[in-house]
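Structure, as structure tokens:
FYI, it's all coordinate maths here, none of it is from the lab. Remember, predicted model here, so these are calculated numbers, not experimental data. In this analysis, Cβ positions are derived from the backbone assuming ideal geometry, glycine residues included, and neighbour counts consider all displayed protein chains.
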Amino acid sequence: MIRIIVDSGSDLLPEVANRYSIQVLPLLANVDGVEYRDGIDLGRGGFYELLEETGAFPKTSQVSPHAFAEAFKEARASGDEVIAITLSSVLSGTYQSAKLAQAMVGEEGVYVVDSLSASYAIAMIAKYACALRDEGLSAKQIVAEIERFKGRVKLVAVLDTLEYLQRGGRLPKAAARLGEAAKLKPVVVITEEGEVGLSTAVLGRKRALDTLLKKVAKYSFDDSFPAIPIYSYGTKMCEKMEGELADAGMSLSDRHQIGFVIGSHIGPGAYGIVFVESE
């Protein structure tokens, strides 16, 4: 048996993880001095409400090497091989934690993959790994396939505020203040290097949506992987995006809410789309 493990930076819902037999290890978020396990201690909607109520900026923590090591040892003791797919190493130390754990328990039968991505892009990669597992591929073959596949998984999003990028150190304070005053909305992507890249910032929500749609339209889509609409808190703009993308012929799955850890860096009001580019 091959066990697929992800961290909660994948935003994979428990019911989906159970359906695919994927193990999810939680990252941590500290809000106003209280620590929460991502996806366990507080519902996603409740998390964004907490941000708005407290005005606090969450501090996030990676999955520890110990947590990975325990999961790896339990899997190996059961006779399973392990493929761990982590949040981008550029965005979190979780990949390094998994590699340390791999060294602690021994590398035989334990594979660690840096997704170079975030949120439901990781979930897309993990579900593809499960499909390959069900087809009977070996762990080594699956790792080789998802290393090729992961670069085709794209994430494009609009943020409603520059505040969280600035507070997370991804934007200078002066630039964020000017942008907020001008009501600029950032359009971001996950780059091939695994970073959150600021593609552009445009005036107002309508232009931001138009910019996202134009950016997405430059790609050819692999319809065997329905695209995933994502949002942090508030669905109005996400619904508008879905309507436009559906009219353009994109096959869409259900809408999914972004979890604690990614939400901590983008804030309420964000929305976007995860899709697979054709080969």
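Within the shell defined by Cβ-Cβ distances under 10 Å, the residues around residue 35 carry a net charge of +1, with Lys and Arg each +1 and Asp and Glu each -1. Taking a Cβ cut-off of under 15 Å around residue 247, the surrounding Lys, Arg, Asp and Glu residues balance to a net charge of -2, with basic ones at +1 and acidic ones at -1. Once the Cα-Cα distance is subtracted from the 0.36 nm per residue extended length, the residue 191 to residue 244 segment shows a gain of 16.7 nm. Measuring nothing but how far apart in sequence close Cα pairs (under 8 Å, 6+ apart) lie, relative to its length, the chain scores a relative contact order of 20 percent.
What does the net charge come to around residue 194 if you take all other residues with beta carbon closer than 11 Å to its beta carbon, with K and R at +1 and D and E at -1? Here the charged neighbours net out to -3. Checked against a 20 Å cut-off, the cross-linked pairs 59/150; 59/240; 214/240; 59/183; 150/240 give Cα-Cα distances beyond that limit for 59/150; 59/240; 59/183; 150/240. Placing a pseudo-label 7 Å from each Cα along the Cα-to-Cβ vector at residue 66 and residue 41 gives an inter-label distance of 1.5 nm. From the Cα gyration tensor of the chain, with a ≥ b ≥ c the square roots of its eigenvalues, which class applies: rounded if a/c is under 1.5, or else prolate if a/b is larger than b/c, or else oblate? Taking the square roots of the gyration eigenvalues as a ≥ b ≥ c, the chain is oblate.
A simple packing score, the average count of other Cβ atoms within 10 Å per residue, orders the peptides 17-26, 269-278, 148-157, 199-208 as 269-278, 148-157, 17-26, 199-208, with the highest score first. The spacing between region 34-60 and region 216-279, judged by their C-alpha centroids, is 22 Å.
Ranked by how many other Cβ atoms sit within 10 Å of their own Cβ, fewest first, the residues 250, 241 fall in the order 250, 241.
Using a simple spin-label model with pseudo-atoms 7 Å out from Cα toward Cβ, residue 141 and residue 254 lie 3.2 nm apart. Taken about its Cα centre, region 153-276 carries a charge dipole of roughly 620 debye when the Cβ of each Lys and Arg holds +1 and the Cβ of each Asp and Glu holds -1. Indicate the helices, whole DSSP H runs only, in the chain that combine a mean Kyte-Doolittle hydropathy of 0.0 or more with a Cα extent along their long axis of 20 angstrom or more. Taking the DSSP H segments of the chain (at least 20 Å long, mean hydropathy at least 0.0), we get 120-134. For region 43-132, the relative contact order is 28 percent, taking Cα pairs closer than 8 Å that sit 6 or more residues apart in sequence and dividing their mean separation by the residue count. With a Förster radius of 25 Å applied to the C-beta separation of residue 52 and residue 205, the computed FRET efficiency comes to 0.85. Of the beta bridges in the chain, as assigned by DSSP with both residues counted there, near 60 percent are antiparallel.
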